[in-house]
1. Among the residues of the range 124-171, what is the count of those that are touching a Leu at 6+ places or on another chain (Cβ under 7 Å) and in a loop (DSSP other than H, G, I, E, B)?
2. Could you please tell me which pairs satisfy a Cβ distance under 6 Å, a separation of 6+ or placement on different chains, a first residue in the range 112-126 that is closer than 13 Å to Ile52 by Cβ, and a second residue that is assigned to a loop (DSSP other than H, G, I, E, B) and open to solvent by 10 Å² or more (accessible area, probe 1.4 Å)?
3. With respect to Glu62, is the statement that it is open to solvent by 60 Å² or more (accessible area, probe 1.4 Å), modelled with pLDDT under 80, of a type in the set (Asp, Glu) and farther than 21 Å from Thr214 by Cβ true?
4. Taking Thr231 as the residue in question, decide whether it is among the hydroxyl-bearing types (Ser, Thr, Tyr) and either without any contact (Cβ under 8 Å) to a residue 40 or more places away in the chain or open to solvent by less than 60 Å² (accessible area, probe 1.4 Å) (or both).
Amino acid sequence: MIAIRSSVGITATCLVSLVASAQPGEAQQLRIESAYPRQLPPGQTTVIHVAISSRDPIQTAEISPAQGLRVSRIQQRESAQGALTWSELTIDVALDAAPGTRTLVLVLPLPAGRTAPLPLTVPTHAPNVGELRVLSASSTQATLELQLSASDASGDLGELPYVWFSLGCGREPLVGVVRGRVMPQSSGNILVRASLPGPRAPAGEKCDLQVRLTDSAGIESNTLKTTATFTP
C-alpha cells in the first residue's frame, strides 16, 4: 500500500488499495483431472485414459525422463461430466526402461498451454493377465461376470486383487473397480473371476470392455480388451 502525505492522504491511500485489489489473479494452471492407469510396465504398450477440463485437443504429451518411453498415439474421445474431455494416450515402454517415477505433461493450444505435471511409475515388475472371457452378460441382470488368467512372478497377487474396468456401450464408459476372486488351478495357473455392475444394456447390445488388475503391492497389470454382447 502506498501512503501519500497530503491533505487528502486518506482518500489517496484508499484509492491505491482498491486498484491493487482489483488486479486479476494469475490464471490457475490446467491440470489432468483423471488418469488411469498410472503405471507403465516395461516391455508393454499401455493406453492411459486422461481427462482435462478443456475442449481443446491435446497437441503433444511429454514424459520426463523420456528414456525408454514413447507416446505413439493421442486420440480424443467424447466429453464427459460436463466440462471434462477424455483422451487416450498410447505409450510404448521399452523392455529396458529404467524403473522409477516419471512425469506426464499435456500440451494444449494457448491460452490453456501446459498442464501441471502428473506422476507416472515404471514398476520393477508387473502381473500379467490374459484369456479374458465374459461368462455372463444378460440385459436382465445387474452384474456382468468375467474371468481372466493371471501370473505374477513376485507371488503377491493376493486372494482378492482389485479388478479395474471400463465398460462402454455406445456412450460414455462406466469406469470402476471391484474385488476379484482368485481360483488356483491344479495346473498351477491362476484364474481370477469378478462381477461388474452391469449397465442394463438391451439384448443384442455390444459393449467394449477393458480390464486390468493390481496385485497386493498396487502394481498394475497389462490391459485386456474384449466385446461383451448382452443376451436376453
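1. Residues flagged as touching a Leu at 6+ places or on another chain (Cβ under 7 Å) and in a loop (DSSP other than H, G, I, E, B) within the range 124-171 amount to 2.
2. Ala112/Leu30; Ala112/Ser54; Ala112/Asp56; Thr115/Leu30; Thr115/Arg31; Ala116/Gln29; Ala116/Arg31
3. No; evaluated as a whole, the condition is false for this residue.
4. It is false that Thr231 is among the hydroxyl-bearing types (Ser, Thr, Tyr) and either without any contact (Cβ under 8 Å) to a residue 40 or more places away in the chain or open to solvent by less than 60 Å² (accessible area, probe 1.4 Å) (or both).
The values are calculated or read from the model by the stated rules, or taken from the named source; none is laboratory data. Everything quoted here is computed from the prediction, not taken from an experiment. All Cβ positions, glycine included, derive from the backbone under ideal geometry; neighbour counts span all protein chains shown. Just the protein is used for accessible areas: all its heavy atoms, side chains included, with ligands, DNA and RNA removed. Shrake-Rupley method; radii C 1.70, N 1.55, O 1.52, S 1.80 Å.
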